[in-house]
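Let me begin by presenting the structure, written as structure tokens, before commenting on it.
The values are calculated or read from the model by the stated rules, or taken from the named source; none is laboratory data. Bear in mind the structure is a predicted one, so any value in this text is a computation, not a measurement. We place every Cβ from the backbone using ideal geometry, glycine too, and count neighbours over all the protein chains shown. Please note that ligands, DNA and RNA were not included when accessible areas were found on the heavy atoms of the full protein model with its side chains. Shrake-Rupley method; radii C 1.70, N 1.55, O 1.52, S 1.80 Å.
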Amino acid sequence: MIHRKKTPIYVYFISFLSIVVVAVCVTVVLSVLSRKPKVPSVTPKSMIYFGTVCTLNLFEDGTQALYNALFNRLEQIETEFDPARASSDISQINAAAGDHAIPVNSDITYVLRRALAYAELSGGLFDPTIGSITKLWQIGTEEAHIPNQRYIKSTLELVDYHSVVIDGDTVFLEKKGMSLDLGALVKGFAADELRKILASHHVSKAIIDLGGNIYVFGKKLDDEPWYVGIKNPENESGDPALVMQLDECSVVTSGVYERYFVQGGKRYHHIFNAKTGYPLETNLLSATIICKSSIDADALSTLVFLLGKDDGIDLISRMDGVACVFIDDNLEVTASESLKGNIDSPIYKYKIFHFK
């Protein structure tokens, strides 16, 4: 028989006490290590400008004062550029066409000069004086219709970017009845202006969404890329057709699905060929531009859509820091070579990629 020496009770008690102390210390250390600075809960803010929902998300840097400053800038820009508002600078320029010049602020002259530069680049296929044609068709309203061909022909005589005169802080349209439409650049300009405000307030990261004109600002935690989707032309409210991994940039898409009406089984969209006065005949469903300048992304998305896939991607390939993505009616994707490895589709239909 083996006799074991009994351990005194006080030894068990000391051992148990030691375990408890160690456990408490470990718990305290883990608690300290896992403790993070408190981050205020901030909800993205949305308001309607430019006829669409504009959503801003400043994450932990959002304050009501900063949101107010951003939305106030959007309101100011809309007040200047809204052609439906009689008091806007654009409306006054259009009303004075063929008669006299109108004094305007620097926002108008800056955007208009950019628009004229792109008109020149496209050989007039893109033209900021398309306003008289867009008024004729009224696409995006309940009065949308196919105008009489005779009216289209006579109205085309008023589409001429060479007849826009910028003299200092004044703008003059030389032909009576001419009309500016800067809708292809205004939201891009607005996004760039908001970016300036974010930078001046040292915001670490933000998302600007002006009705689909996207600007991802700053860096995410651990320098992870932003994931930005391109809408599915067949189902805008569903999963995106494509998803890209990007650093800070603007992403703007022009597509036939945005504003249109159907008559006689044919879709008439809002992107006009300035040479014909009709919505562009194309096999493209959408064209997307990715670059740092949102006003350039906005204008170029329309311009390359008008140029078509081959000429469009050829143009973009000659531009530094600019990439493009096209989706055609066969649901095939053509994209800039620089996006290879950073673009994919969660939808099986969009799996045919061509990189150029």
Inset, instruction - Please tell me if F71 is over 19 Å from T170 (Cα atoms), at pLDDT 95 or above and buried (at least 19 other Cβ atoms within 10 Å of the Cβ). - result: no
Inset, instruction - Could you check, for the stretch 325-338, whether at least one of its residues is at pLDDT 95 or above and under 16 Å from the mean Cα position of the chain (by Cα)? - result: yes
Inset, instruction - Go through the stretch 149-173 and count every residue that is open to solvent by less than 40 Å² (accessible area, probe 1.4 Å), part of a strand (DSSP E or B) and either β-branched (V, I, T) or touching a Leu at 6+ places or on another chain (Cβ under 6 Å) (or both). - result: 4
Legend entry - First in the stretch 133-144 and of a type in the set (A, V, I, L, M), second anywhere and part of a helix (DSSP H, G or I), Cβ under 9 Å, 6 or more apart: I133/I152; I133/T155; I133/L156; L136/Y151; L136/I152; L136/T155; A144/W137
Legend entry - Qualifying positions in the stretch 106-126 - within 14 Å of V164 (Cα to Cα) and out of contact with any Leu (no Cβ under 9 Å at 6 or more places or on another chain): T109, Y110, R113, L116, A117, E120, G124
Legend entry - Single condition I347 does not satisfy, out of (1) open to solvent by 20 Å² or more (accessible area, probe 1.4 Å); (2) of a type outside the set (G, A, S); (3) modelled with pLDDT of 95 or more; (4) more than 19 Å from A115 (Cα to Cα): (3)
